[in-house]
1. I need the full set of residues from segment 80-93 which are over 17 Å from Leu191 (Cα atoms) and at pLDDT 95 or above, in order please.
2. Out of Val193, Val219, Val210, report the one residue that is under 16 Å from Val29 (Cβ atoms) and within 16 Å of the ligand (Cβ to nearest atom).
3. Checking the conditions here, which among Glu158, Glu126 is among the acidic types (Asp, Glu) and on the phi < 0 side of the Ramachandran plot?
4. On the given criteria, is Ala12 more than 9 Å from the ligand (Cβ to nearest atom) and either of a type in the set (Lys, Arg) or in contact (Cβ under 8 Å) with a residue 12 or more places away in the chain (or both)?
5. Specify the residue that is modelled with the lowest pLDDT; the eligible residues are those in segment 258-291 that are among the aliphatic types (A, V, I, L, M) and out of contact with any Asp or Glu (no Cβ under 6 Å at 6 or more places or on another chain).
6. Hey, does segment 48-60 have a residue that's in the same structural domain as Phe109 (by TED's automatic domain parsing), in contact with a strand residue (DSSP E or B) (Cβ under 9 Å, 6 or more places away or on another chain), away from the ligand (no atom under 16 Å from the Cβ) and open to solvent by 30 Å² or more (accessible area, probe 1.4 Å)?
7. Among what's in segment 31-42 and is modelled with pLDDT of 95 or more and open to solvent by less than 30 Å² (accessible area, probe 1.4 Å), pick the residue that is farthest from the ligand (Cβ to nearest atom).
Amino acid sequence: MPENIAIDVRNASKCFGNLVAVNNLTFSVPESSCIGFLGPNGAGKSTMMHMVYGRCRREYRDDSSISVFGYDPVDDELAIKYLAGVVSQDNNLDTELNVTQNLMIYAKFYAIAPHEAKPRISRLLEFMELGEKHDARIRELSGGMQRRLVIVRALLNEPRLLILDEPTTGLDPQVRHAIWEKIRQLKKQGLTVLLTTHYMEEAFQIADNVVIMHKGERVLEGPPRDVVNEQIENYVLELLRSDALEKLKEKAQRKNIRNELSRDVSMFYAQSLEDLQQLTETLAPGDFILRHSNLEDVFLKATGRGLNEAQ
Ligand code: ADP
């Protein structure tokens, strides 16, 4: 049976004056899956997401279209608001109110009757492991708890689509992993997820399909594991000692090992671990890191820049 397509985007572009923030992007998202837009600051991820939920209009063109569960965000912004939950970069929680009050205000906004809202809020707080925090003031919550509360708020109207704009930026790794686990569970329950992130690990952990963006363009697209397997050598040697570089470069050239520079760190890429191990023979253990390649390496290969480098 063919997959149900939740979001279908054809040739979407957005300009701000002379700046092309998103250039001719096409992608589709099956229901109950997660698409992740991965790229550095300024790549056009948020703009793409804003076009999907109607916060900004795509450029008008005959061959350009966006469908979100059958609705066009230009004509049916309100319908999309009702079927989507948005976790934007700012928490926008009312610090004067407690957890439940913050959520009840939102429930009112979505016209959810109090007798329905209350059990739903309890269930969602429990699900996001905030069950003890019903009456807590917002300022008593840690950064990770506030983020989880914003996710609860986005789930309040029982959305079919969850939009996550950099959901775990600034959180510590443990909290980040806990949030990723919840998002995976929500996906299993049938939610479609649209994610922007500049953390390759986040895309790897929760996206079924990743669109790697750079300067408004799609650089690569595919399941994260496939993208890594197909687009880059298996192993990387990061050289941490610059005075050893010239010698290593010579050795690498003889073995056809690719060399790239990222933020002053020289990287050597090879399909075989042994080839890289041979390069390290004259180095001390603290002079290098030898590891599997990842999405960050793919981005570097495709664009010549690191994901978190200034553009
Ligand atoms: P990302 O989410 O990948 O960080 P954005 O979509 O926020 O990227 O931005 C893409 C480009 O568009 C950037 O150069 C940004 O400065 C520009 N941009 C975004 N929103 C606006 C706006 N409202 N007005 C003018 N320029 C904007």
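1. Leu93
2. Val210
3. Answer to the selection: Glu126.
4. So Ala12 fits the description; yes.
5. Applying the first criterion (among the aliphatic types (A, V, I, L, M)) to segment 258-291 yields 261, 265, 267, 270, 273, 276, 279, 283-284, 289-290.
In the following step, the residues that additionally are out of contact with any Asp or Glu (no Cβ under 6 Å at 6 or more places or on another chain) were identified as 261, 273, 276, 279, 283-284, 290.
Values: Leu261: 83, Leu273: 95, Leu276: 94, Leu279: 91, Leu283: 89, Ala284: 89, Leu290: 95.
The selected residue is Leu261.
6. Here is the first cut: in segment 48-60, the residues in the same structural domain as Phe109 (by TED's automatic domain parsing) are 48-60.
Still in the running and in contact with a strand residue (DSSP E or B) (Cβ under 9 Å, 6 or more places away or on another chain): 48-59.
Still in the running and away from the ligand (no atom under 16 Å from the Cβ): none.
No - not one qualifying residue is present in segment 48-60.
7. Step one: list which residues in segment 31-42 are modelled with pLDDT of 95 or more, which gives 31-37.
Still in the running and open to solvent by less than 30 Å² (accessible area, probe 1.4 Å): 33-37.
Numbers: Ser33: 21, Cys34: 17, Ile35: 15, Gly36: 12, Phe37: 7 Å.
Across segment 31-42, the extreme among qualifying residues is Ser33.
This table checks each residue for (1) open to solvent by less than 90 Å² (accessible area, probe 1.4 Å); (2) out of contact with any His (no Cβ under 7 Å at 6 or more places or on another chain).
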site	(1), (2)
Asp243	no, yes
Glu246	no, yes
Ile257	yes, yes
Ser272	yes, yes
Leu276	yes, yes
Ala284	yes, yes
Asp287	yes, yes
Leu307	yes, no
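The values are calculated or read from the model by the stated rules, or taken from the named source; none is laboratory data. Everything quoted here is computed from the prediction, not taken from an experiment. For neighbour counting, all protein chains shown are included, and Cβ atoms are generated from backbone atoms with ideal geometry for every residue, glycine included. Please note that ligands, DNA and RNA were not included when accessible areas were found on the heavy atoms of the full protein model with its side chains. Shrake-Rupley method; radii C 1.70, N 1.55, O 1.52, S 1.80 Å.
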